[in-house]
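Here's the structure we're looking at; comments come further down.
The values are calculated or read from the model by the stated rules, or taken from the named source; none is laboratory data. A quick note: this is a predicted structure, and the numbers were derived from the prediction, not measured. With ideal geometry, Cβ positions are generated from the backbone for all residues, glycine too; neighbour counts draw on all protein chains shown.
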Amino acid sequence: KQSRKIDGDKVDLAEQSLLNKLIRHSLVRNRNQVEVLQRDPTSPLYSVKTFEELRLKPDLLKGVYNMGFNRPSRIQENALPMMLAQPPQNLIAQSQSGTGKTAAFSLAMLSHVNPANKWTQCLCIAPTYELALQIGQVIEQMGKYCPDVKLAYGIRGNRMERGIKLQEQIVIGTPGTVLDWCTKYRLIEPKKITMFVLDEADVMIATQGHRDQSIRIHRQLTKDCQMLLFSATFEDSVWRFAEQVVPDPNIIRLKREEETLDTIKQFYVVCKEKEDKFTALCNLYGSLTIAQAMIFCHTRKMAAWLTANLTKEGHQVALLSGEMTVEQRASVIERYRNGKEKVLVTTNVCSRGIDVEQVSLVVNFDLPVDMDGNADNETYLHRIGRTGRFGRRGFAVNMVDSKHSMDIINQIEMHFNRRITKLDTSDLEEME
Ligand code: ADP
């Protein structure tokens, strides 16, 4: 399993992605331009503003509308016509999670299959069991009015009899099981696959085994098979992999909106030790009218200690911590979003993917540092920065408890070239 270790908690890429899916109920807004690189630059660039323009089967269109989709998302505007084009075109698409990629390729698969043909025509692979199930749910929901289109899950535990070909037109699964189904069990005839979807390529290649299995599946397909690859991020490694899997691609990219500190007033408070920080935090919270606050700690232990003490003081506090299951984390975030708790205490691991518009105060109870103890500017920006859509003002308060942490504040100040002002928590007028 690929993971990065930060602040004593591990960030598992696949888990993070699943969490994102569990807590997201709508498209993220992104005002950047979609970049399109066409394989054949002389052919006209098609984009659609409505689902009607795609001339989908009526039952499929009904399914799309039934999901509450009124019009294609930004990347769907360009990706859908390419994926549905005749003759088929290959596609590499990159955009952050929540921009409509899954819905796009689900629609493409449902539109692509011929329900009269009782064999597997579309193959889709995802990095984990849970992610495959999530995609399957979208296909099932969108294909609700297409009863002749059937879906099979190529995931562990789904035992099949050898040699009997599947009749399901769409198979979604993880690389290991899908590879077995193609080779060992011969449930799928790879030569009959006409659409291949590889989702979450960045997460996929983070695991060597998945990467190899994906390539082995890919090798069995014909060169006429339409290849579609999706990724939330695009480092060089993802790019190299994508080019291996997708020949002659069209490329669509939507860059994530930059986060900024422009609308954030930043402060620091000098404290002695954690009890002192706690008192400062209570003063702060008591004297401000704050919609919601998020408090970051360095370790799980500190987060638990702080949560217990804030609760003792009568605050409604939620704790988000790395040892929780993804489902538990999703439910904590959900409750916090709905305002059931006003304060969320967390370690770093959980901060990404939580966009809570009403958060007006972020407290770095512990400052973000990298492995070498230097300022972790990127994490700092993630914790307190806002993208354009949350243009509202907010406060960030940093707890400084040593000369070292004062140095970190100075580093952060220099890096972003934004003033971090000293705050006296017994006199909070300057914040209002
Ligand atoms: P991604 O795969 O890029 O993470 P999803 O396809 O999961 O994005 O879409 C993110 C969220 O937006 C989901 O809740 C999905 O139902 C919704 N969504 C997708 N496309 C549309 C659309 N065209 N209109 C409205 N909502 C959409």
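So which residues in region 171-199 are away from the ligand (no atom under 16 Å from the Cβ), in contact (Cβ under 8 Å) with a residue 60 or more places away in the chain and touching a strand residue (DSSP E or B) at 6+ places or on another chain (Cβ under 7 Å), if there are any at all?
Ile188, Ile193, Thr194, Met195, Phe196, listed by residue number.
Can you run down the residue pairs with Cβ atoms below 8 Å, 6 or more apart or on separate chains, where the first is in region 17-31 and farther than 24 Å from Thr325 by Cβ and the partner is assigned to a helix (DSSP H, G or I) and away from the ligand (no atom under 11 Å from the Cβ)?
Partner pairs satisfying both residue conditions: Arg29/Arg389; Arg31/Gly388; Arg31/Arg389.
Within region 37-74, which residues are over 30 Å from Arg335 (Cα atoms), in contact with a strand residue (DSSP E or B) (Cβ under 9 Å, 6 or more places away or on another chain) and crowded, with 16+ Cβ neighbours inside 10 Å? So that I can check it myself, show each step before the final result.
Within region 37-74, the first condition is being over 30 Å from Arg335 (Cα atoms), and the residues that meet it are 37-62.
Cutting the leftovers down to in contact with a strand residue (DSSP E or B) (Cβ under 9 Å, 6 or more places away or on another chain) gives us 37-40, 45, 47.
Answer for region 37-74, where residues must be over 30 Å from Arg335 (Cα atoms), in contact with a strand residue (DSSP E or B) (Cβ under 9 Å, 6 or more places away or on another chain) and crowded, with 16+ Cβ neighbours inside 10 Å: Gln38, Ser47.
Given the conditions (1) away from the ligand (no atom under 15 Å from the Cβ); (2) surrounded by fewer than 17 Cβ atoms within 10 Å (Cβ to Cβ), which single one is not true for Gln89?
Going through (1) away from the ligand (no atom under 15 Å from the Cβ); (2) surrounded by fewer than 17 Cβ atoms within 10 Å (Cβ to Cβ) one by one, Gln89 breaks only (2).
What number of residues in region 132-157 are modelled with pLDDT under 95 and in contact with a Pro (Cβ under 6 Å, 6 or more places away or on another chain)? Even if it seems obvious, please write down each step before you answer.
Of the residues in region 132-157, the ones modelled with pLDDT under 95 are 156-157.
Still in the running and in contact with a Pro (Cβ under 6 Å, 6 or more places away or on another chain): none.
Qualifying residue count for the region: 0.
Of the residues Glu323, Glu327, Glu341, only one is surrounded by fewer than 19 Cβ atoms within 10 Å (Cβ to Cβ), within 24 Å of the chain's Cα centre (by Cα), in a helix (DSSP H, G or I) and in contact (Cβ under 8 Å) with a residue 12 or more places away in the chain; which? Talk me through it step by step, then tell me what you get.
Working: Glu323 fails: in a helix (DSSP H, G or I); Glu341 fails: in a helix (DSSP H, G or I).
Among Glu323, Glu327, Glu341, only Glu327 is surrounded by fewer than 19 Cβ atoms within 10 Å (Cβ to Cβ), within 24 Å of the chain's Cα centre (by Cα), in a helix (DSSP H, G or I) and in contact (Cβ under 8 Å) with a residue 12 or more places away in the chain.
In region 61-82, what count of residues is obtained for those that are assigned to a helix (DSSP H, G or I) and within 6 Å of the ligand (Cβ to nearest atom)? Working first, answer last.
As a first pass, look at region 61-82 and keep what is assigned to a helix (DSSP H, G or I): 61-66, 74-82.
Now narrow it down to the ones that are within 6 Å of the ligand (Cβ to nearest atom): 76.
Of the residues in region 61-82, 1 are assigned to a helix (DSSP H, G or I) and within 6 Å of the ligand (Cβ to nearest atom).
Within the group Glu161, Glu140, which residue is part of a helix (DSSP H, G or I), more than 26 Å from Glu243 (Cα to Cα) and charged (D, E, K, R)?
Values: Glu161 fails: part of a helix (DSSP H, G or I).
Of Glu161, Glu140, the one residue that is part of a helix (DSSP H, G or I), more than 26 Å from Glu243 (Cα to Cα) and charged (D, E, K, R) is Glu140.
I'm told Asn30 meets every condition in (1) crowded, with 21+ Cβ neighbours inside 10 Å; (2) farther than 21 Å from Glu259 by Cβ; (3) within 16 Å of the ligand (Cβ to nearest atom) except one. Can you identify the failing condition by its number?
Just one mismatch for Asn30, condition (2).
Do we find a residue being aliphatic (A, V, I, L, M) and out of contact with any helix residue (DSSP H, G or I) (no Cβ under 8 Å at 6 or more places or on another chain) anywhere in region 225-232? Give the steps one after another, and end with the answer.
Applying the first criterion (aliphatic (A, V, I, L, M)) to region 225-232 yields 227-229, 232.
Those left that are additionally out of contact with any helix residue (DSSP H, G or I) (no Cβ under 8 Å at 6 or more places or on another chain): none.
Among the residues of region 225-232, not one is aliphatic (A, V, I, L, M) and out of contact with any helix residue (DSSP H, G or I) (no Cβ under 8 Å at 6 or more places or on another chain), which makes the answer no.
Picking from Ile217, Ile251, which residue would you name as being over 13 Å from Ala93 (Cα atoms), away from the ligand (no atom under 14 Å from the Cβ) and β-branched (Val, Ile, Thr)? Spell out how you get there, then give the answer.
Numbers: Ile251 fails: over 13 Å from Ala93 (Cα atoms).
Sole residue among the options that is over 13 Å from Ala93 (Cα atoms), away from the ligand (no atom under 14 Å from the Cβ) and β-branched (Val, Ile, Thr): Ile217.
Yes or no, residue by residue, for (1) at negative phi; (2) at pLDDT below 85; (3) loosely packed, with under 15 Cβ neighbours inside 10 Å:
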| position | (1), (2), (3) |
| --- | --- |
| Ile264 | yes, no, no |
| Glu275 | yes, no, yes |
| Thr307 | yes, no, no |
| Lys312 | yes, no, yes |
| Ile333 | yes, no, no |
| Asn348 | yes, yes, no |
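Is there a residue in region 92-99 that is over 21 Å from Lys223 (Cα atoms), more than 7 Å from the ligand (Cβ to nearest atom) and either assigned to a helix (DSSP H, G or I) or among the hydrophobic types (A, V, I, L, M, F, W, C) (or both)?
Checked region 92-99: no residue is over 21 Å from Lys223 (Cα atoms), more than 7 Å from the ligand (Cβ to nearest atom) and either assigned to a helix (DSSP H, G or I) or among the hydrophobic types (A, V, I, L, M, F, W, C) (or both).
With surrounded by fewer than 24 Cβ atoms within 10 Å (Cβ to Cβ) and without any contact (Cβ under 8 Å) to a residue 12 or more places away in the chain as the only criterion, which of Gln141, Gln121, Gln137 stands out? Working first, answer last.
Details: Gln141 fails: without any contact (Cβ under 8 Å) to a residue 12 or more places away in the chain; Gln121 fails: without any contact (Cβ under 8 Å) to a residue 12 or more places away in the chain.
On inspection, the qualifying residue turns out to be Gln137.
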